[in-house]
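Visitor: Would you mind keeping the following structure in view while I ask a few things?
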Amino acid sequence: MTTLTASLPMYNLPEMRPRNAAFWDALAEELRREGRTDLPEALSFERLPVPDRIGSEVLFSQTCGYPLQTIYRGQFRLLGVPTYDAPGCRRGTHCAFILVRDDSSCEMPEDLRGATFALNSRHSNSGMNLPRLLFARLAGGKPFFRSVVETGSHPNSMARVASGELAAASIDCLTYAFFKDHRPQAVASLRVLAETPESPAIPFITSSATPADDAALLQAALFRLAADPVHRPVLDGLRLRAISPPDPAAYAGLLDYEREAAELGYPTLS
């Protein structure tokens, strides 16, 4: 029998673990009221933001929208779309911030031509797909940066920009907001140079192996949680304003960004 898992790996600083755990506990409470008894006892904090796959054991998680359209196709069901209370977020959407050091001479994205750029992952929407489109519109079909260095994570990218080792990075606006909340000194020397095009917010998902009836139960519980004033302190702790029904076409649109960049002669962030 498969042991089901629940995780929230996208915004998962150690300082946020009690808040993420409280969110899962509240959702599990809603599900138990509907008779669900086989739930994970606790939230898993070990799941990677970009795992190898979304397996049949995944009952509940949150996954970046771009790899859902590429490496995870057919492996998931969308459950809900968060609206966050943070700069760069609108209803059901977010963006990435192009960050530079506060003492950088750059005033516009164009000023980064020939600079060094920090990339968290080639699979990342906020770290790669969104800035690829932004810089494709400026690059004229040629490499834009002197070098693009893959760092492995948004925190590593910010640290290497803050240290002066690299000139800029594209960081999920929520990641930046949570660092300002919990690790302000880590980003004190950084500033926002520009915003990328917006994207549908990172969705809550379940595995495609989850039966449709169970997925519907999960989705209904998620919406009740978001609407119940009793749970408002839990939601506020994660900057969650609302959770709405997903629009699959909005996430498919992230591949339109990829196509536009390719048509502009800039298929790779470079």
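Visitor: For region 51-82, what are the residues that are β-branched (V, I, T), crowded, with 19+ Cβ neighbours inside 10 Å and not in a strand (DSSP E or B)? Quick ask: steps written out before the conclusion?
Guide: So in region 51-82, the residues β-branched (V, I, T) come out as 54, 58, 63, 70-71, 81.
Imposing the further condition that a residue be crowded, with 19+ Cβ neighbours inside 10 Å reduces the set to 54, 58, 63, 81.
Within region 51-82, I54, T63 qualify.
Visitor: Go through region 13-43 residue by residue and tally those that are part of a loop (DSSP other than H, G, I, E, B) and crowded, with 19+ Cβ neighbours inside 10 Å. Outline the logic, then answer.
Guide: Within region 13-43, the subset part of a loop (DSSP other than H, G, I, E, B) is 13, 34-43.
Narrowing the set further to residues that are crowded, with 19+ Cβ neighbours inside 10 Å leaves 43.
Number of matching residues: 1.
Visitor: Touching a residue at least 60 places away in the same chain (Cβ under 8 Å) and hydroxyl-bearing (S, T, Y) - does that describe any residue in region 92-99?
Guide: Our first condition is that a residue be touching a residue at least 60 places away in the same chain (Cβ under 8 Å); within region 92-99, this holds for 92-99.
Subsequent filtering for residues that are hydroxyl-bearing (S, T, Y) retains 93.
Yes, region 92-99 contains a residue that is touching a residue at least 60 places away in the same chain (Cβ under 8 Å) and hydroxyl-bearing (S, T, Y).
Visitor: If you don't mind, there's one more thing I want to ask. Residue pairs, Cβ under 6 Å, 6 or more apart or interchain, first in region 3-14 and under 9 Å from R47 (Cβ atoms), second small (G, A, S) and not in a loop (DSSP other than H, G, I, E, B). List them.
Guide: Correct list of pairs: T5/S44; S7/S44; S7/S61.
Visitor: Kindly indicate which of A261, A250 is in contact with a Leu (Cβ under 7 Å, 6 or more places away or on another chain), part of a helix (DSSP H, G or I) and either of a type in the set (G, A, S) or more than 23 Å from R91 (Cβ to Cβ) (or both).
Guide: On the way: A250 fails: in contact with a Leu (Cβ under 7 Å, 6 or more places away or on another chain).
Result: A261 is the single residue among A261, A250 that is in contact with a Leu (Cβ under 7 Å, 6 or more places away or on another chain), part of a helix (DSSP H, G or I) and either of a type in the set (G, A, S) or more than 23 Å from R91 (Cβ to Cβ) (or both).
Visitor: Here's a follow-up. Quick test of your reading of the structure: R239 fulfils all but one of (1) buried (at least 16 other Cβ atoms within 10 Å of the Cβ); (2) out of contact with any helix residue (DSSP H, G or I) (no Cβ under 7 Å at 6 or more places or on another chain); (3) basic (K, R). Name the failing condition by number.
Guide: Of the numbered conditions (1) buried (at least 16 other Cβ atoms within 10 Å of the Cβ); (2) out of contact with any helix residue (DSSP H, G or I) (no Cβ under 7 Å at 6 or more places or on another chain); (3) basic (K, R), the odd one out for R239 is (2).
Visitor: Out of L48, L4, L39, L59, report the one residue that is in contact with a helix residue (DSSP H, G or I) (Cβ under 7 Å, 6 or more places away or on another chain) and hydrophobic (A, V, I, L, M, F, W, C).
Guide: Of the residues listed, the single one that is in contact with a helix residue (DSSP H, G or I) (Cβ under 7 Å, 6 or more places away or on another chain) and hydrophobic (A, V, I, L, M, F, W, C) is L39.
Yes/no matrix, rows are residues, columns are (1) more than 27 Å from E15 (Cα to Cα); (2) not assigned by TED's automatic domain parsing to the domain that holds P67:
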site	(1), (2)
A169	no, yes
C173	no, yes
Y176	no, yes
K180	no, yes
L190	no, yes
A216	yes, no
R224	no, no
R232	no, no
L238	no, no
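The values are calculated or read from the model by the stated rules, or taken from the named source; none is laboratory data. Owing to the predicted nature of the structure, the values given are computational and were not obtained by experimental measurement. A quick note on method: Cβ atoms are made from the backbone with ideal geometry, for glycine too, and the neighbour counts reach across all protein chains shown.
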